[in-house]
Amino acid sequence: MSRTRIALATCASWPELDADGPELVAALAAEGLDADLVAWDDPAADWASYPLVVIRTTWDYWDRHAQFLAWARSVPRLVNSADVVAWNTDKIYLRRLQAAGIPVVPTVWVAPGEDFVTPDHPFVVKPSVSAGARDTAAYDGGDPLATEHVARLHAAGKTVMVQPYVDAVDSAGETAVLVFGGVVSHGARKSAVLTVGEGEVALGSWSMQARTPSAEEQALALRVVEVASSWGEDLLYARVDLLPGPLVIELEVTEPSLYLTLAPGSAARFAAAVAGRLASLSSGAATPRS
Ligand SMILES: Nc1ncnc2c1ncn2[C@@H]1O[C@H](COP(=O)(O)OP(=O)(O)O)[C@@H](O)[C@H]1O
Ligand SMILES: [Mg+2]
């Protein structure tokens, strides 16, 4: 088998990939793809030398959003692409999904300068650009502390999302549906992250386990990927996160954790999707949709 060297984009804080890194690298190798791990902001990186750069653990850009988008634009063959990264790193895309008929968690968007009205039921406050539950908290109805939280996010220039606290997450958890190359690969269950009235949480203070998504969840995830693919190009990888309902809470197509260790065969499916994309790029087939 001829071998090809590709890059997996990481970051200085997570240079060794996610916990499933070894499975991922081995599965790529089995497809003839040798992976270099390269931090996205490594000034010595030669991105143009790779036939494909796959975003993986670029998790430290949250306070350097513009720099990250500029980096994505500078990489010739990036998946998912810079256009996808540009819309996906601000959860305002949930509005477009909703407009396309997708059930999403009901959200009030409060931009800096706009008035925040404290809900009278348990609710969540979070920034529209975030990851890992950063700056995210759940409050009891009427809690005055939320006003300070919103003011702090507004002072940082952030648009705030206010949502009802979907309390069924406490027992049922959140369901992640992983879609590779337009096909459902596997699912995962994430335990509830927030506790109403307890303020912000420590990073990583939740657990993941295997879960087979229901037929309804799988169908919804595929619809989400289909709608989002119609905005530009076919998404190579996607993670659709669902709260009980099911309601879409997030579509992660920039740098999702893939939880490959939880599902046998999933690393091979991801690697096959990457190899397929590389083959279509080398044959000059167009991935963008008109
Ligand atoms: N409306 C909500 N109801 C219940 N839990 C929520 C809600 N919004 C967020 N959470 C909890 O906070 C976590 C992080 O929120 P999320 O919107 O996924 O942002 P991100 O993962 O990008 O930080 C979720 O995994 C979920 O456990
Ligand atoms: Mg999330």
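Coordinate-derived values only; no laboratory data. All values reported here derive from a predicted model rather than from experimental measurement. Reconstructed Cβ throughout: ideal geometry from the backbone, glycine too, with neighbour counts over all protein chains shown.
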key: Cα coordinate range in the chain, projected on the principal axes (Å, largest first)   = 63, 41, 37
request  = Select from Leu258, Gly199, Val54 the residue farthest towards the positive end of the dipole of the chain; place +1 on Cβ of Lys and Arg, -1 on Cβ of Asp and Glu, and compute about the Cα centre.
outcome  = Val54
remark   = Karplus-derived 3J(HN,Hα) from phi for the stretch 22-38 (6.51 cos²θ - 1.76 cosθ + 1.60, θ = phi - 60°), whole Hz, x at Gly and Pro, runs x, 4, 4, 5, 5, 5, 5, 4, 5, 8, x, 10, 8, 9, 8, 8, 10
key: Amide H contacts of Lys91 (H built 1.01 Å from N, under 5 Å, at least 5 apart or other chain)   = Val129, Ser130
inquiry  = Going Cα to Cα from Lys158, which aspartates and glutamates come in below 14 Å? Please leave out same-chain ones fewer than 8 positions away.
reply    = Asp63, Asp90, Glu114, Asp115, Asp135, Glu148
request  = Please return the longest stretch of the chain lacking exposed loop sites, where GluC sites (Glu not before Pro) count only if DSSP places them in a loop and at most 16 other Cβ atoms lie within 10 Å.
outcome  = 17-113
key: Per-residue HN-Hα couplings for the stretch 265-272 [Karplus 6.51, -1.76, 1.60; θ = phi - 60°; Hz; x = Gly/Pro]   = x, 6, 5, 5, 5, 5, 4, 5
Per-residue HN-Hα couplings for the stretch 46-53 [Karplus 6.51, -1.76, 1.60; θ = phi - 60°; Hz; x = Gly/Pro] = 10, 5, 5, 7, 9, x, 7, 10
